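Read-outs: derived from the displayed coordinates by stated rules, not from any lab. On a predicted model such as this, the values are computed, not experimentally measured, just so you know. Using ideal geometry, Cβ is built from the backbone for each residue, glycine included, and neighbour counts are taken over all protein chains shown.
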Amino acid sequence: MLAITIVLATLVLLMVLQLPNLWYDPIVPTVFEITKIRDTNKNGVLDYDSYMVVKNSGKIPYDNRNLYAKTYRNGVPLPCDIPTMNGNDFLPTHHDGIQTLGGFGSHDFLWYPEATISINYAKGTFHPGDIVQFEVYDKATSQIISRDTWPHTDGIQERCMKMYLNH
């Protein structure tokens, strides 16, 4: 009887404190997929151009005014400020590391499925061999909506690497 009381008290305590489940690893979907990263100029000459194209590979349109993004290079967050994915609201300056943001996904207010957004980072942001991660968040909730990593790997390798890193 004492053991049952202790177990029940522990369960109630955990529910009251709402402790996060330490063993839960949420898998973030790839709704916005990196389709290209270019580090050469239009003539194919390596100049570290740092140009990325991201496509809405999901099934629904998203209000691009309510999205913001973070970029990581080799696991380190870049100091690039992308406070909106709307091309009309985005104001590039020489301080934020983004030269331009454009494409059909950034026009109007909706980023439709299959539409792309191009992001021209400051030269030298990406180098051949870099692992680039792009995350998109909802402004209202600050919840991550999408995560993609370039270069792409097949699902088995990625899952094995995540399992290895988590243990």
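Structure data summary
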item: Calculated Rg and Dmax of region 32-153 using C-alpha coordinates, Å; result: 13.5, 42
item: Straight-distance crosslink candidates among lysines, where the alpha carbon sits under 22 Å from residue 42 and sequence neighbours closer than 8 are dropped; result: 55, 123
item: Relative packing of 38-46, 71-79, which averages over residues the other C-beta atoms within 10 Å, highest first; result: 71-79, 38-46
item: Simple Cβ-charge dipole of region 32-153, Lys/Arg +1 and Asp/Glu -1, about Cα centre, in debye nearest 20; result: 120
item: Separation of the residue 60 and residue 144 label points, Cα + 7 Å toward Cβ, nm; result: 2.0
item: Length-normalised contact order for region 32-153 - Cα pairs under 8 Å, 6+ apart - percent; result: 30
